[in-house]
Amino acid sequence: MHQEYQSKTVNVYGDKFAREKNPVPAYQRQLSTRSVTFTCIVCKKSVTQERYPGPAPKYCSDVCRSQHEVERNEERVRKQREKRQALAAQKRAET
């Protein structure tokens, strides 16, 4: 069974200053998608998506991504608030 994958051509310049010195790429590289199966860290569903090479995805959709972002911010603010209250209580105890 032969599957058709999406692909794109990427220009590779070398280092971050090479593009400024010489606008011609050092070489071009062909990247193709591949099937990646992962478990969403929010909804715990197993999902298979076509992805270009890179880090493993964590979220199955933008909805799950935004939900996790809200939860992370709430946790961060809760910890920050606890720390601030503990410092204020410590100062009150000292005086």
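What to note about this one:
- Verdict on Arg29 being among the basic types (Lys, Arg) and either under 20 Å from the mean Cα position of the chain (by Cα) or in a helix (DSSP H, G or I) (or both): no
- Residue ID - surrounded by the most Cβ atoms within 10 Å (Cβ to Cβ), chosen from residues in segment 41-64 that are of a type outside the set (Ser, Thr, Tyr) and without any contact (Cβ under 8 Å) to a residue 12 or more places away in the chain: Val63
- Of the residues making up segment 1-12, just one is modelled with pLDDT of 80 or more and either more than 29 Å from Gln49 (Cβ to Cβ) or in a loop (DSSP other than H, G, I, E, B) (or both), namely Gln6.
- Val77 vs. criteria without any contact (Cβ under 8 Å) to a residue 12 or more places away in the chain, more than 27 Å from Lys8 (Cβ to Cβ) and either surrounded by 10 or more Cβ atoms within 10 Å (Cβ to Cβ) or within 24 Å of the chain's Cα centre (by Cα) (or both): yes
- Under the condition of being at pLDDT 90 or above and out of contact with any Phe, Trp or Tyr (no Cβ under 9 Å at 6 or more places or on another chain), the residues counted in segment 13-37 number 2.
- Checked against (1) part of a loop (DSSP other than H, G, I, E, B); (2) surrounded by 11 or more Cβ atoms within 10 Å (Cβ to Cβ), Phe38 passes all but a single condition, namely (1).
- Considering residues of segment 24-35 that are surrounded by fewer than 10 Cβ atoms within 10 Å (Cβ to Cβ) and not hydrophobic (A, V, I, L, M, F, W, C) only, the residue nearest to His68 (Cα to Cα): Gln30
- Here Lys91, Lys8, Lys21, Lys16 are screened, and the one residue that is in contact (Cβ under 8 Å) with a residue 24 or more places away in the chain and either of a type in the set (Val, Ile, Thr) or loosely packed, with under 11 Cβ neighbours inside 10 Å (or both) is Lys8.
- Residue within segment 63-73 that is assigned to a loop (DSSP other than H, G, I, E, B) and not polar (S, T, N, Q) present: no
The values are calculated or read from the model by the stated rules, or taken from the named source; none is laboratory data. Because the structure is a prediction, the values reported are computed rather than measured. No Cβ is skipped: glycine too gets one built from the backbone with ideal geometry, and neighbour counts run over all protein chains shown.
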